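Report on the following structure.
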Amino acid sequence: MDYFSSLLMDLRHNIMKTFSNILAVIFSVAIASQTTARAQGYLKASGTKIIDGSGNQLILRGVNLGNWLEPEGYMWQTSSFANSPTEIRDLVDNALGQQAGEAFWNEYRQNYVTRSDIDSIASWGFNSIRLPMHYEFFTPKDSPYVYVQAGFAIIDSLLSWCTADHIYLILDLHCALGGQNTGNISDYSGPPSLWQDTSYQNRTIALWGRIAAHYATARWIGGYDILNETAWNFGGNTAQFRNLMANITSAIRQSDPSHIVFVEGNWYATDFTGLTPPWDNNMVYSFHKYSSTNDQGTIQYLVNMSRSYNTPLWCGETGENTNPWITGCVRLLEANGIGWCLWPYKKIQSTSCPASIKESPDFKTLLRYWDQGVTPPQQFAAGALNGLVDSLKVAACSIHPDLIDALFREPNATSDIPFPYANTNIPGVINADNYDMGPAGMAYLDSDLANNGGAYRNDAVDIETTTDSVAESNGYDVGWILDGEFLTYTVNVADSGTYNIETRVASGSGGGQIQLLLDGKGLGGVINVPSTGNWQSWRSVLLSGVKIPIGKHQLEAYFITGGFNLDYFKFTSQNGGGTPGSFTATQNYPNPFNPGTRIDFHVSAAGRVRAEVFDVLGRKVATLMDETKNPGDYHIDFNAGRLGLAAGVYFVRMNYGSSTRIVKSIYLK
């Protein structure tokens, strides 16, 4: 399009905008008469607080649906060769062909976020969701003021699920026309940026007007986060920045007088220069917080701004850190009455999000092809990407209850609780990485807050994958153990008696020492760790004749001296008690289920079978069976509807003597 054509297009738009303003005046009385009725139940800025429709303060506790509509390289594990949404899309389309690529992306979007995901998010305790959006789902880049329905269809579906679960949905323009920063997160592809092209600015204003008109009366829309993470040097004059934010707000208010407008600062939502005072009476300043220390000084300038202008604050993005840091961040923000939104909900093979997408061997191979600049065989690429699509559903993901616990319980925790995936029965095997969930210094102590291993859990405890191939290993070990650190486990002892304790260790140098404590008292002698040759050469060290009483106890593994890796502790009864015989249990069927499902199991000798249901936070919600069974085949009926459970992920833990089986079940509504 030449210069004069562009000028005429903008002139035409301005005329239409003026006409729209006239219509807005004509209908202003009608809109005003409906405002009171609409505002009932809507979130609203009230002084420095966000309040609900009943006038009560609401602390937003949310999660971002990043990587869904705007895939990012680091979440796709392609950052070294494809970082932005466009680069990732082109990578896939080149591998599959345009038509097959389009089919892939449709399936990707359908599976990445479903009703089951929203049910799970609600069951974990989140009350809000932030949806990062790309402009291309609403308007093509090369078709000014032409709108498509794809984005509205996606949001309408998502909003229906949020409405059913009473979760507020906050819409975030993550990728604006031209890009509001020069990074991959805005899908910037070179000048002109949003800030260098007035037509992009006008189209962004108009786009928000269309979105607001569509959702003006939506009860569970929490508000509009109008521009994500601007990062632009305005040369000391931020008038352009403020004017665009104010003009977007005006476009929204033409049809929507009720919903909150969230305004982010410059330099990735940290600098609010030029954005004060507020220009709207239902506005919230939104900042992002990553990696900085969790002390009052890091947010005091924001708190001062909030108090000075009587305007609420919201942390629209935080996370991408270890559980201790996340717990400290939530504690700091909520102490100041500030809500938060974790980034992100889901990504590929990660511990720092609630749901982790499992990375298949074929997808790893595909990444190697791309990283080496080699075009993969089309059939192989199709198979690998189809496998990725299948693994996106929440039922196929690894759920991280430790991260969820760090967000909701641990900021005010006074005790630790068992890890839901853990078998902590004695006699039996206690894997070192299945220590309790709780704050650092309570459930565990690690000398630094970094997660050096990066596997299995998101705490500061350094967990890595292991090459130990014995049956007792769960595939992970605790490494980087230093003097004075400890791990705690809530254990259930089946019978009082004398036990042998086998400790599985590996060390390049030896010299490590472990003291086990039961309820704070020493349990047997010190376990001395020998040199095994290297950090993945494993050896068992035996501690014999240890007396342990029946019941529930807290077991602590205190590391007097570090310098070794730890796989597990195996407790074997010397008096033969507590092990009735073999025990097998099947995956529940159907799974996912609604409202009932069945678990078949077999016992080879008479013994007590106990089946309990836990949610992903480790809270027991039901006991399905607790009785002695003679040898034979049996089944358990798990009816979540009859138990009054919310939709989500549950774990049925079955104990039989020293044997434990944990069955992951997905309840859908």
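The values are calculated or read from the model by the stated rules, or taken from the named source; none is laboratory data. Small disclaimer: the values here were computed from a predicted structure and weren't measured. No Cβ is skipped: glycine too gets one built from the backbone with ideal geometry, and neighbour counts run over all protein chains shown.
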Only residues that are closer than 30 Å to Gln57 by Cβ and either of a type outside the set (A, V, I, L, M) or free of Cβ contacts under 8 Å to residues at least 60 places away in the same chain (or both): list them for the range 197-221, please.
-> Trp208, Ala212, Ala213, His214, Tyr215, Thr217, Ala218, Arg219, Trp220
Residue count for the range 121-160, restricted to those that are touching a Ser or Thr at 6+ places or on another chain (Cβ under 8 Å) and either hydroxyl-bearing (Ser, Thr, Tyr) or within 18 Å of Ser189 (Cβ to Cβ) (or both) = 4
Residue check: is Asp567 among the charged types (D, E, K, R) and either more than 23 Å from Gly641 (Cβ to Cβ) or touching a Lys or Arg at 6+ places or on another chain (Cβ under 6 Å) (or both)?
-> yes
Give the range 429-476 a look and list any residue that's on the phi > 0 side of the Ramachandran plot and surrounded by fewer than 23 Cβ atoms within 10 Å (Cβ to Cβ), or say none.
-> Gly441, Gly454, Gly475
Say whether the condition of being touching a His at 6+ places or on another chain (Cβ under 6 Å), in the same structural domain as Asp52 (by TED's automatic domain parsing) and at pLDDT 95 or above is met by at least one residue in the range 171-186.
-> yes
Could you say which residue among Arg331, Arg368 is touching a residue at least 40 places away in the same chain (Cβ under 8 Å) and charged (D, E, K, R)?
-> Arg331
Taking the stated definitions as given, is Asn237 assigned by TED's automatic domain parsing to the domain that holds Lys49, modelled with pLDDT under 95 and either farther than 18 Å from Glu317 by Cα or in contact with a Lys or Arg (Cβ under 9 Å, 6 or more places away or on another chain) (or both)?
-> yes
Pairs under 6 Å by beta carbon, first residue outside the structural domain of Asp117 (by TED's automatic domain parsing) and hydroxyl-bearing (Ser, Thr, Tyr) in the range 373-394, partner modelled with pLDDT of 95 or more and crowded, with 18+ Cβ neighbours inside 10 Å, six or more apart or different chains?
-> Ser391/Ile357
Does Gln180 qualify as being surrounded by fewer than 16 Cβ atoms within 10 Å (Cβ to Cβ) and of a type in the set (S, T, N, Q)?
-> no
Tell me, please, whether a residue that is closer than 19 Å to Phe564 by Cα and either of a type outside the set (S, T, N, Q) or within 17 Å of the chain's Cα centre (by Cα) (or both) can be found in the range 388-405.
-> no
Specify which of the listed residues (Asn492, Asn451, Asn500) is out of contact with any helix residue (DSSP H, G or I) (no Cβ under 7 Å at 6 or more places or on another chain) and more than 28 Å from Leu403 (Cα to Cα).
-> Asn500
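The rows are residues; the columns are (1) touching a Ser or Thr at 6+ places or on another chain (Cβ under 6 Å); (2) at negative phi; (3) buried (at least 19 other Cβ atoms within 10 Å of the Cβ); (4) not small (Gly, Ala, Ser).
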residue	(1), (2), (3), (4)
Leu342	no, yes, yes, yes
Ile348	no, yes, yes, yes
Lys364	no, yes, no, yes
Tyr369	no, yes, no, yes
Gln372	no, yes, no, yes
Asn386	no, yes, no, yes
Ala396	no, yes, no, no
Leu403	no, yes, yes, yes
Asn423	yes, yes, yes, yes
Leading residue by the ranking (surrounded by the most Cβ atoms within 10 Å (Cβ to Cβ)) among those in the range 222-252 that are without any contact (Cβ under 8 Å) to a residue 40 or more places away in the chain and more than 16 Å from Arg203 (Cα to Cα) | Thr238
Looking at the range 186-240, which of its residues are part of a helix (DSSP H, G or I) and among the aliphatic types (A, V, I, L, M)?
-> Leu194, Ile205, Ala206, Leu207, Ile211, Ala212, Ala213, Ala239
Do we have Gly47 as buried (at least 16 other Cβ atoms within 10 Å of the Cβ) and either out of contact with any Lys or Arg (no Cβ under 9 Å at 6 or more places or on another chain) or over 17 Å from Trp161 (Cα atoms) (or both) here?
-> no
Which residue out of Ser540, Ser507 is surrounded by fewer than 21 Cβ atoms within 10 Å (Cβ to Cβ), without any contact (Cβ under 8 Å) to a residue 60 or more places away in the chain and among the hydroxyl-bearing types (Ser, Thr, Tyr)?
-> Ser540
With the condition kept exactly as written, say whether any residue in the range 274-291 is modelled with pLDDT under 95 and out of contact with any helix residue (DSSP H, G or I) (no Cβ under 6 Å at 6 or more places or on another chain).
-> yes
For Val491, indicate whether it is outside any loop (DSSP other than H, G, I, E, B) and either in contact (Cβ under 8 Å) with a residue 24 or more places away in the chain or surrounded by 20 or more Cβ atoms within 10 Å (Cβ to Cβ) (or both).
-> yes
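Here is a yes/no grid of residues against (1) loosely packed, with under 14 Cβ neighbours inside 10 Å; (2) under 15 Å from Gly657 (Cα atoms); (3) at pLDDT 95 or above; (4) in the same structural domain as Tyr634 (by TED's automatic domain parsing):
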site	(1), (2), (3), (4)
Ala557	no, no, yes, no
Gly563	no, no, yes, no
Leu566	no, no, yes, no
Gly578	no, yes, no, no
Val609	no, yes, no, yes
Could you grab the pairs with beta carbons closer than 7 Å, sequence gap of 6+ or different chains, first residue in the range 184-196 and closer than 18 Å to Tyr268 by Cα, second one aromatic (Phe, Trp, Tyr)?
-> Leu194/Tyr200; Trp195/Trp232
Could you list, in sequence order, all residues of the range 515-529 that are surrounded by 15 or more Cβ atoms within 10 Å (Cβ to Cβ) and without any contact (Cβ under 8 Å) to a residue 24 or more places away in the chain?
-> Gly524, Asn528
The listed residue being closer than 25 Å to Ile118 by Cα and assigned by TED's automatic domain parsing to the domain that holds Pro278, out of Tyr215, Tyr145 = Tyr215
Are any residues in the range 628-649 surrounded by 20 or more Cβ atoms within 10 Å (Cβ to Cβ), in a strand (DSSP E or B) and modelled with pLDDT of 90 or more, and if so, which ones?
-> Phe638
Determine if the range 593-612 includes at least one residue that is more than 19 Å from Pro427 (Cα to Cα) and free of Cβ contacts under 8 Å to residues at least 40 places away in the same chain.
-> yes
